[in-house]
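Report on the following structure.
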Amino acid sequence: MNSFKLQIITPQGKVFDQNAASAVFPGDKGEFGVLPGHSCLLSLLGPGLIEVTKENGDREGIAINWGYAEIDEHKVIVLVDDAIAVEGKTTGEMQKAIEKAQKLLKDATDSDTILSVATQKLKNLSK
């Protein structure tokens with residue numbers, strides 16, 4: 001098995017619902033990665049960026065303010081208060097998504113470190 005089902009859900013609906021090859025989450029005690037076949041885990045998530053590598057190798061980022069991740073061998077379900085998918089077909093669309101993500105993170109935390117790390121990751125995704 002080369003992938004797992006990843007769902008990221010807000011009260012407004014699904015933000016992401018695809019298979020993923022891997023993902024990195026902003027846990028409340030630090031980042032952690034998930035690969036197919038991961039052992040069962042329930043984790044609190046803090047403000048930051050969920051970095052997803054899709055089956056085809058494409059990468060996507062989803063900025064979140066806080067939530068929970070339920071992980072088992074075949075799927076990951078993430079319930080978050082708010083999330084912004086950082087995606088766009090043009091440079092302008094991508095820049096707008098990054099700005100929205102930065103605002104979400106700034107509203108969620110007063111930690112300059114979290115904001116700095118997430119901003120750098122957002123810039124790396126847009127390359």
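The values are calculated or read from the model by the stated rules, or taken from the named source; none is laboratory data. Here the structure is a predicted model, which is why all the values come from computation and not from measurement. Every residue, glycine among them, receives a Cβ derived from its backbone with ideal geometry; neighbour counts consider all protein chains shown.
Checking the conditions here, which among ILE50, ILE71, ILE98 is surrounded by 14 or more Cβ atoms within 10 Å (Cβ to Cβ), within 16 Å of ASN19 (Cβ to Cβ) and in contact with a Gly (Cβ under 9 Å, 6 or more places away or on another chain)? Show your work before the answer.
Values: ILE71 fails: in contact with a Gly (Cβ under 9 Å, 6 or more places away or on another chain); ILE98 fails: within 16 Å of ASN19 (Cβ to Cβ).
Selected residue: ILE50, the only one of ILE50, ILE71, ILE98 that is surrounded by 14 or more Cβ atoms within 10 Å (Cβ to Cβ), within 16 Å of ASN19 (Cβ to Cβ) and in contact with a Gly (Cβ under 9 Å, 6 or more places away or on another chain).
Here's the yes/no breakdown for (1) over 17 Å from ALA108 (Cβ atoms); (2) of a type in the set (Val, Ile, Thr); (3) surrounded by fewer than 18 Cβ atoms within 10 Å (Cβ to Cβ); (4) touching a Pro at 6+ places or on another chain (Cβ under 8 Å):
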site: VAL24; (1), (2), (3), (4): yes, yes, yes, no
site: GLU31; (1), (2), (3), (4): no, no, yes, no
site: GLY37; (1), (2), (3), (4): yes, no, yes, no
site: CYS40; (1), (2), (3), (4): yes, no, yes, no
site: LEU44; (1), (2), (3), (4): no, no, yes, no
site: TRP66; (1), (2), (3), (4): no, no, yes, yes
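Does region 1-17 hold any residues that are closer than 19 Å to VAL86 by Cβ and either in contact with a Pro (Cβ under 9 Å, 6 or more places away or on another chain) or surrounded by 14 or more Cβ atoms within 10 Å (Cβ to Cβ) (or both), and which are they?
Of everything in region 1-17, those that are closer than 19 Å to VAL86 by Cβ and either in contact with a Pro (Cβ under 9 Å, 6 or more places away or on another chain) or surrounded by 14 or more Cβ atoms within 10 Å (Cβ to Cβ) (or both) turn out to be LEU6, GLN7, ILE8, ILE9, THR10, VAL15, PHE16.
How many residues does region 37-49 hold that are closer than 15 Å to ILE114 by Cα and modelled with pLDDT under 95?
4
Which is part of a strand (DSSP E or B) and closer than 18 Å to LYS121 by Cα, of GLU99, GLU93, GLU70, GLU60?
Testing whether each residue is part of a strand (DSSP E or B) and closer than 18 Å to LYS121 by Cα leaves just GLU60.
Quick one: GLU31 ticks every box in (1) in contact (Cβ under 8 Å) with a residue 24 or more places away in the chain; (2) among the charged types (D, E, K, R); (3) part of a strand (DSSP E or B) except a single one, so which number is it?
(1)
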